[in-house]
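Enquirer: Sharing a structure with you now.
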Amino acid sequence: MNLLRTLIVDDEMLARSRLRTLLADCRAPRAEVVAEAANGAEALAQLHASDFDLVLLDIHMPGVDGIALARGLRERVAAPAVVFVTAHPTHAVTAFELDAVDYLTKPVRAERLQQALQKAERFVRDRRGPPTDGPQEVLLIQDRGRTERVLLSEVLYLKSEFKYLTVRTASRSHIYDGSLSELEERYPSRFVRVHRNALVARQAIRALEKYDDGEDAEGWALRLDGIPEPVVVSRRQLPAVREVLKEPR
């Protein structure tokens, strides 16, 4: 995809101008600002007149607010990616329930906007790709006042540490407030238990190998696609892991 056709919706002209400036400095992917709107009604008119890949959307606006507009967009067959850009962090959970791909708080930093564009590009690419069985499931990660969506399909392993779970993707680790047993029960076809404190994505398993962790020279560990660190396999879970290795990928 060369450019994301973008609509900026914000009732403050200076805010729209700042987004234009930040977008001009973004790289891979880039956004082409096709239109602007100062309120929900103007945005709807633009959305009826043209197709967009991305809507950068404020929440508090006169008339139709950003939440109501996003709720209407959700019903469209070929809905654009929605990224909320707002001074109010309190609506993050509602925004992600409406399938927003990201939630940025003002003042927007260039690096966060670039990350949002990357998420929007993936959203548009997946939307235009082969049909799936349904919407992709996500984990909602709470991180220092903001909420981030992590696709379950991107999770390589989950590890219980103290009161929280480490959620590992190829690019980074997240801290998640949840139950390992609950996730194992909900997604048995996606994750396999490899240790009392760890689940691993079945499709991520590359190899099972001998592993000396300094305590057990006869131990075993898994190598996963996309990350360098091994994940230790307990003796109790070793037979189940061997069965997973036999499964077609």
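The values are calculated or read from the model by the stated rules, or taken from the named source; none is laboratory data. This one's a predicted model, so the numbers in the text were calculated from it and none came from an experiment. Neighbour counts run over all protein chains shown; Cβ positions are idealised from the backbone, glycine included.
Enquirer: Out of all the residues in the range 71-108, which are surrounded by fewer than 23 Cβ atoms within 10 Å (Cβ to Cβ), part of a helix (DSSP H, G or I) and not polar (S, T, N, Q)?
Expert: ARG71, GLY72, LEU73, ARG74, PRO89, HIS91, ALA92, VAL93, PHE96, GLU97
Enquirer: Another one. Out of the residues in the range 236-249 meeting the condition of being assigned to a loop (DSSP other than H, G, I, E, B) and loosely packed, with under 11 Cβ neighbours inside 10 Å, tell me which one is modelled with the highest pLDDT. I'd like the intermediate steps shown before the answer.
Expert: So the first thing to find is which residues in the range 236-249 are assigned to a loop (DSSP other than H, G, I, E, B), and the list is 236-237, 247-249.
Right, trim to loosely packed, with under 11 Cβ neighbours inside 10 Å and you get 247-249.
Numbers: GLU247: 72, PRO248: 63, ARG249: 60.
The qualifying residue modelled with the highest pLDDT is GLU247.
Enquirer: Does the range 33-54 contain at least one residue that is in contact with a Ser or Thr (Cβ under 7 Å, 6 or more places away or on another chain), of a type in the set (A, V, I, L, M, F, W, C) and in contact (Cβ under 8 Å) with a residue 60 or more places away in the chain?
Expert: yes
Enquirer: Now a separate question. Consider the range 183-192. How many of its residues are surrounded by fewer than 19 Cβ atoms within 10 Å (Cβ to Cβ) and either touching a residue at least 24 places away in the same chain (Cβ under 8 Å) or of a type in the set (Gly, Ala, Ser) (or both)? Give the derivation first.
Expert: Of the residues in the range 183-192, the ones surrounded by fewer than 19 Cβ atoms within 10 Å (Cβ to Cβ) are 184-190.
Next cut, either touching a residue at least 24 places away in the same chain (Cβ under 8 Å) or of a type in the set (Gly, Ala, Ser) (or both) only: 187, 189-190.
Selection size over the range 183-192: 3.
Table: residues versus (1) under 16 Å from GLU154 (Cα atoms); (2) without any contact (Cβ under 8 Å) to a residue 60 or more places away in the chain.
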site: ALA170; (1), (2): yes, yes
site: GLY178; (1), (2): no, yes
site: SER181; (1), (2): no, yes
site: ARG206; (1), (2): yes, yes
site: ASP225; (1), (2): yes, no
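Enquirer: OK, next. Can we say HIS195 is surrounded by 13 or more Cβ atoms within 10 Å (Cβ to Cβ), modelled with pLDDT of 90 or more and under 12 Å from the mean Cα position of the chain (by Cα)? Walk me through it before giving the result.
Expert: Values: surrounded by 13 or more Cβ atoms within 10 Å (Cβ to Cβ): yes; modelled with pLDDT of 90 or more: yes; under 12 Å from the mean Cα position of the chain (by Cα): no.
Taking the combined requirement at face value, the residue does not satisfy it.
Enquirer: Out of the range 141-182, which residues are in a helix (DSSP H, G or I) and under 17 Å from ALA204 (Cβ atoms)?
Expert: Within the range 141-182, LEU152, SER153, GLU154, LEU180 qualify.
Enquirer: Regarding the range 213-220, can at least one residue be identified that is surrounded by 19 or more Cβ atoms within 10 Å (Cβ to Cβ) and touching a helix residue (DSSP H, G or I) at 6+ places or on another chain (Cβ under 9 Å)? Please lay out each step first, then the result.
Expert: Of all residues in the range 213-220, those surrounded by 19 or more Cβ atoms within 10 Å (Cβ to Cβ) come to 220.
Narrowing further to those that are touching a helix residue (DSSP H, G or I) at 6+ places or on another chain (Cβ under 9 Å): 220.
The answer is yes, given that some residue of the range 213-220 is surrounded by 19 or more Cβ atoms within 10 Å (Cβ to Cβ) and touching a helix residue (DSSP H, G or I) at 6+ places or on another chain (Cβ under 9 Å).
Enquirer: Of (1) part of a helix (DSSP H, G or I); (2) under 30 Å from PHE96 (Cα atoms), VAL200 satisfies all except one. Which?
Expert: (1)
Enquirer: Collect the residues in the range 90-109 that are at pLDDT below 80 and closer than 13 Å to LEU57 by Cβ, keeping them in residue-number order.
Expert: Passing the criteria: only ALA95.
Enquirer: Only residues that are over 23 Å from ALA92 (Cα atoms) and not small (Gly, Ala, Ser): list them for the range 21-35, please.
Expert: Residues satisfying the conditions are THR21, ASP25, CYS26, ARG27, PRO29, ARG30, GLU32, VAL33, VAL34.
Enquirer: So LYS159 ticks every box in (1) charged (D, E, K, R); (2) at pLDDT 90 or above; (3) under 30 Å from LEU14 (Cα atoms) but one. Which box is left unticked?
Expert: So the condition that LYS159 fails would be (3).
Enquirer: While we're here: Scan the range 109-131 for residues that are in a loop (DSSP other than H, G, I, E, B) and among the charged types (D, E, K, R) and report the count. Steps first, please.
Expert: Filtering the range 109-131 down to residues in a loop (DSSP other than H, G, I, E, B) leaves 109, 129-131.
Right, trim to among the charged types (D, E, K, R) and you get 109.
Qualifying residue count, the range 109-131: 1.
Enquirer: Go through the residues of the range 179-187 one by one and say whether even a single one is touching a helix residue (DSSP H, G or I) at 6+ places or on another chain (Cβ under 6 Å) and either among the aliphatic types (A, V, I, L, M) or farther than 22 Å from GLU97 by Cβ (or both).
Expert: First pass over the range 179-187, keeping only residues touching a helix residue (DSSP H, G or I) at 6+ places or on another chain (Cβ under 6 Å): none.
No; the residues of the range 179-187 include none that is touching a helix residue (DSSP H, G or I) at 6+ places or on another chain (Cβ under 6 Å) and either among the aliphatic types (A, V, I, L, M) or farther than 22 Å from GLU97 by Cβ (or both).
Enquirer: Among the hydroxyl-bearing types (Ser, Thr, Tyr) and out of contact with any Asp or Glu (no Cβ under 7 Å at 6 or more places or on another chain): does that describe TYR164?
Expert: no
Enquirer: Checking the condition of a type in the set (Asp, Glu) and farther than 30 Å from VAL33 by Cβ, which residue from GLU121, GLU111, GLU184, GLU148 passes? Please lay out each step first, then the result.
Expert: Working: GLU121 fails: farther than 30 Å from VAL33 by Cβ; GLU111 fails: farther than 30 Å from VAL33 by Cβ; GLU148 fails: farther than 30 Å from VAL33 by Cβ.
The match here is GLU184.
Enquirer: Restricting attention to the range 204-217, does a residue exist that is within 28 Å of GLN115 (Cβ to Cβ), of a type outside the set (Lys, Arg) and at pLDDT below 90?
Expert: Looking for residues that are within 28 Å of GLN115 (Cβ to Cβ), of a type outside the set (Lys, Arg) and at pLDDT below 90, one finds none in the range 204-217, hence no.
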